[in-house]
Every structure is written in structure tokens, then in C-alpha cells.
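What follows draws every value from the coordinates through simple rules; no lab data is involved. Nothing here was measured: the structure is a model prediction, and the numbers come from that model. Here the Cβ positions follow ideal geometry from the backbone for every residue, glycine too, while neighbour counts run over all protein chains shown.
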Amino acid sequence: MSGSVVQEKVAKLLSRQNGKPVLRPIKPLALKNEVASRSLKKGEATCVTEMSLVMACWKLNDFNNSVCSKEVSAFYTCVEKAQNKAKGKQGTQGRLLPKEANTLLKRFPNLSSEI
Amino acid sequence: MAASVRHLLKPWTPSLCLMRWSRYNPYYLDPDPSKDARVPESELSPEEKELQELKTVSPIKAALSSDTSSAFNDPLISKFINMMMHDGNKILARGIMTQTLETIKRKQVEKYHKSPAAKREEIECNPYTVFHQALENCKPIIGLASVQKGGKSYQVPVPLTDNRRRFLAMKWLITECRDNKHRRTHMYEKLSQELLAAFTNEGNVVKRKHDLHKMAEANRAYAHYRWW
């Protein structure tokens, strides 16, 4: 069992038998019932090209929206697609999201003290 | 002593009244109060058929007391009335809205009768369509968001959701009518003027929308600072 191997290693790191101990912990060496919530990927600005088209049309036609209706509708479709993508692409690729992991850990925590 | 006797003489009203709780589980559906909007089964696409089946099975939220099944129930106008309401005085806000719609109708009908026969067809007399079109003309397309990068905060052009755009249009209309009017003009008068101006893409609210667009256009270099 790898559990006991880990415990022996930790005991060796804390022991004062071979000179000074390697670890001098302030808090107890136990895992928290929480995962750090951070997203791995850095996002990028969506629909920038459509936006630049709309702005170019505006500059030509003095911000008249009825003349630029094609570009504006293209911009709206792009925004909708981006929103749908952002909603759907969250919980895939085999890994639990930090939020989901935290809810599960709250319901089934590692008990560090007797209740 | 008089106060306690007065308390005994008042009719008893409950001190708490039941309100619809606004936090529901996400699978709860919104109620649909319209009676006659049922389309026969053959005309529905498969997605709409799925939606109808969902409605028979899943739970539905409690209806608000402002939702009616009448033909005059307009969700956009209800939202506008709620935004105009102050201190919970819905009666006053609704009265102002009905007066506004009446004034719009009167002005348009007057214009209709004064104009020559050739131009009569272009004049829109239905106050509801005037309201909807004016609101559409006031909605901004791109908004600005404040993004901090490298210690400085930049105004970045950002696409807005439909709800946010509708909210901004209504907010601008209401603030414009509250602030920039003579103290003797009534709210409904000023609102009808602004709505008719917005209907033809004139007036201060549409100017404010154009100012926002100009700012967004000026800051288009910062568009890549967005990460969503």
C-alpha cells in the first residue's frame, strides 16, 4: 500500500535523528477539503474581426445603423455562437472542474478529526 | 392610550405577505400566461415539440401577480413600468405609462389628419409599435468594459448581451426624462416626446447611444485586452 510508504517518508523528513529535520511544519500535514479554483487556459477576445468590420462601417457611414445592418447582424450571430461555445465547453476532456470537485469534497470530505 | 385603542379599531391585515421567491432550481420553467398562443402539433419543428413535452413534465415557477393572460399583456412594457416604478408605487408607474401611450397616439393621429394623403401611410399610429421601435433604436450594439492591465485601467469595447442592451436603453430613456425636463412638464409628456424622437433616430437618448459607439470606435485598439 502506497499510504504507508508515504507515511514513512514523511516521518523520516520530520525526524531529528539524522541532524536537523528537513521539514518544520507550522500547520498539520493534511490535505484541505478544497481545490484551488483556477482555469488552465488563457482565453482570448472573441468576435474581434466582426467588431472591427462593424466599426469600419460606422466610420464610413457616420454611425448609421440602418445602413450597416448586414455587419451588425453578422456580429450578433458571432456573439451568439461564442456564448454557446463558452457555455458548452466547460466540463469536458475527462477532468473535473474545480467547482465540481469542491462540491463533491464538501459532501464527502476527508475527516481530519473525530465527530 | 389613544394609539393602542386605534390599533384595536383598525381591521386586521397580515404583517407578512407571500411573495414569489426569485431563486429557483435551474430546471424550473417560466410560466407562459398567453391562452391563445397554442400552435397545432403539425406546425411545430422537432425542437419545439421537445420544448412542449418538457413543459408537461418539468415543474414551473409561480406566476407573478403582474402576469395576465390578456391580449394587452406586453412583457417589454411591463419591464419598462417596473423600471420606472419608485418605492413600489406600481399604480403611479402604470398610470404614467398609459398616459404616455395615449399622448403618443394623440400626437400621431393629429399628425395623420394634418398631413396630405400621400404621406399618411408612413405615419405609425400604434403606440406599441412606436415604443418597440424607439427602444430598438436606443439599444447600443457594443459597450465598454473597464479592464485593468499593467496597473492602468482601459475602456475596452465589448459585445453586450440582449438583456444588458435592453436594460441600458430603458435606463437611458428614464434618466433622460427625469433629469432634462422643465419642472412644470409632466413625466408622460416628456417621455412621449423622447419616444417619438427616438422613433425617428433623433433626440438625446439616441445621441447618447451614438456617443457610446464613438467611444468604442476610438478605443478599438484595446479590443484584444479582453479574455472572454
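Some notes on this structure:
- The 3J(HN,Hα) values that the Karplus relation (6.51, -1.76, 1.60; θ = phi - 60°) gives for the stretch B:145-157 are, in residue order, 10, 8, 10, 8, 9, x, x, 9, 9, 10, 8, 9, x Hz. Gly and Pro appear as x.
- Cα-based shape type of the stretch B:87-134, given that a ≥ b ≥ c are square roots of the gyration tensor eigenvalues and the cut on a/c is 1.5: prolate
- DSSP-loop trypsin sites (Lys or Arg not before Pro) across the stretch A:1-87, with at most 12 other Cβ within 10 angstrom: A:ARG16, A:LYS32, A:ARG38, A:LYS41, A:LYS42
- Per-residue ³J(HN,Hα) for the stretch B:191-202, Karplus 6.51 cos²θ - 1.76 cosθ + 1.60, θ = phi - 60°, Hz, x for Gly and Pro: 4, 5, 4, 5, 5, 5, 5, 5, 4, 9, 6, 10
- Summing charges over all other residues whose Cβ lies under 11 Å from the Cβ of B:SER115, with Lys and Arg as +1 and Asp and Glu as -1, gives +1.
- The equivalent ellipsoid of the protein assembly as shown has semi-axes of 53, 33, 24 Å, largest first, where each one is the square root of 5 times an eigenvalue of the Cα gyration tensor.
- Taking B:GLU202, B:GLU121 and counting other C-beta atoms within 10 Å, the order from fewest to most: B:GLU121, B:GLU202
- Contour minus Cα-Cα distance for B:LYS207 and B:VAL109 (0.36 nm per residue): 32.6 nm
- Shape of the stretch A:34-115, Cα gyration tensor, a/c cut at 1.5: prolate
- Listing B:HIS132, B:HIS224 from fewest to most neighbouring C-beta atoms within 10 Å gives B:HIS224, B:HIS132.
- Based on Cα contacts under 8 Å between residues 6+ apart, chain B shows a relative contact order of 18 percent.
- Kirkwood Rh, angstrom, the stretch B:107-228 [1 / mean 1/r, Cα pairs]: 16.5 Å
- When the pairs A:LYS81/B:LYS149; A:LYS59/B:LYS111; B:LYS181/B:LYS209; B:LYS61/B:LYS209; B:LYS149/B:LYS207 are compared against a 25 Å limit on Cα-Cα distance, A:LYS81/B:LYS149; A:LYS59/B:LYS111; B:LYS61/B:LYS209; B:LYS149/B:LYS207 fall above it.
- The loop-placed trypsin sites (Lys or Arg not before Pro) in the stretch B:96-192, going by DSSP, that have at most 10 neighbouring Cβ atoms within 10 Å of their Cβ come out as B:ARG183, B:ARG184.
- Estimated from the Cβ-Cβ distance and a Förster radius of 56 angstrom, the FRET efficiency linking B:SER65 and A:ASN18 is about 0.15.
- When the square roots of the Cα gyration tensor eigenvalues are ordered a ≥ b ≥ c, the ratio a/c for chain B is under 1.5, which makes its shape rounded.
- Table column - 3J(HN,Hα) (Hz), the stretch B:54-71, Karplus curve with 6.51, -1.76, 1.60, x for Gly and Pro: 4, 4, 6, 9, 7, x, 10, 5, 5, 6, 6, 6, 8, 8, 10, 8, 6, 6
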